[in-house]
1. Take each of the peptides 222-231, 45-54, average the number of other beta-carbon atoms within 10 Å over its residues, and list them starting from the highest.
2. Using R₀ = 22 Å, calculate the FRET efficiency as 1/(1 + (r/R₀)^6) where r is the Cβ-Cβ separation of residue 51 and residue 91; round to 0.05.
3. What shape does segment 192-273 take by its C-alpha gyration tensor, where a ≥ b ≥ c are the square roots of the eigenvalues and a/c under 1.5 counts as rounded, a/b above b/c as prolate, and the rest as oblate?
4. Run down the lysines and flag those whose C-alpha is under 18 Å from the C-alpha of residue 64, throwing out any fewer than 8 positions away in its chain.
5. Once you have the Cα-Cα distance between residue 203 and residue 240, take 0.36 nm times their residue separation minus that, and quote the gain in nm to one decimal.
6. Starting from the amide H of residue 134, placed 1.01 Å from N in the peptide plane, find each other amide H under 5 Å away whose residue is 5 or more places distant or on another chain.
7. If you plug each phi of segment 76-91 into the Karplus form 6.51 cos²θ - 1.76 cosθ + 1.60 with θ = phi - 60°, what whole-Hz ³J(HN,Hα) values come out, in order, with x for Gly and Pro?
8. Between residue 124 and residue 249, what's the calculated FRET efficiency when r is the beta-carbon distance and R0 is 22 Å? Round to 0.05.
Amino acid sequence: MENLVKRRMFRAWMVRTLFCVALGSMWIVRPAAATPDLFDTVVIDAGHGGKDFGACGAKGLQEKELVLDVAQRVAKKLRTQNIDVVMTREDDTFIPLDERTMLANEIRGDLFLSIHANATPVKNVHGIETYFLSLESSDAEADAVASRENESFASERGATSPLSEDPLTAILGDLVMTEHLVESDQFAKLAQEKLALLSGVPSRGVKQAPFVVLMGVQMPASLVEIGFITNEGEEKKLKADSHREEIAKQLVAAVLEYRDRYNAKRGVKPYTTSTR
Ligand SMILES: [Zn+2]
């Protein structure tokens, strides 16, 4: 009974949130699309934080620490390329997933990049995956990744079943995500292509799954899983400064290439030092 009440409350909250986002898209996004907009603002989302540790490796590496460090490296490099970067968290603070989405929409970013590390009970699995939003997961593994990454949201809201099983969420989710689906797919492919250049790290491809943090984001959005913290060899690599730096470098290369394509498509000139 208590679960039923919690589920109803969660469902009502989700419908309200997605409805507001859908309305917002009519007022905010469409007028902006009429004016060619320079690609100049990226939202970097370091997963987890505070009481939400994310995944933990056997040798003690915590996802929340790893992804914040990589996110800071990405932000620093992008700023040297004249890109404004807004981070959803700058330190070890717990920020609810829906607040991250709201922040990104408020500042009207041109791209949302969420950085995470993967985990699985199968210890020999390793490699990099990039995701973009879908209410249906590409496969059972992708579904498990989204469920794990959505855990903090589900526990905060008292949800008892996957978001993808709620029909109202599905309808409203479809409404808010369609607009940027193609661009999200394009960026995800670029990010995965660049990350596949990392030595000794297999590419596990671009996948789709229902990540709460990507739901309602009114801009192209992807989530990267930069490696499996549960694989001993990969955990060791992910602890190394040089590997983190290389991941950041490849993510920045993907953002810059995406920016150039984005600006060319909209017929706007990229920033130079004289236009800033
Ligand atoms: Zn995560």
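1. Values: 222-231: 26.1, 45-54: 21.2.
Descending mean neighbour count gives 222-231, 45-54.
2. Numbers: r = 14 Å, r/R0 = 0.62.
Step by step, r from the Cβ atoms, then E = 0.95.
3. Verdict is oblate for segment 192-273.
4. 51, 236, 237, 239
5. Numbers: separation 37, 0.36 × 37 = 13.32 nm, distance 1.94 nm.
Value of the extension gain: 11.4 nm.
6. It is 209, 211, by chain and number.
7. 4, 5, 5, 5, 6, 9, 6, 10, 7, 10, 10, 9, 6, 8, 9, 8
8. Numbers: r = 27 Å, r/R0 = 1.23.
Approximately 0.20, to the nearest 0.05.
Every read-out reported here was derived from the displayed coordinates using simple, explicitly stated rules and does not represent laboratory data. It should be emphasised that the depicted structure is a prediction, and the values quoted were computed from it without experimental measurement. Note that we place each Cβ from the backbone using ideal geometry, even for glycine, and neighbour counts take in every protein chain shown.
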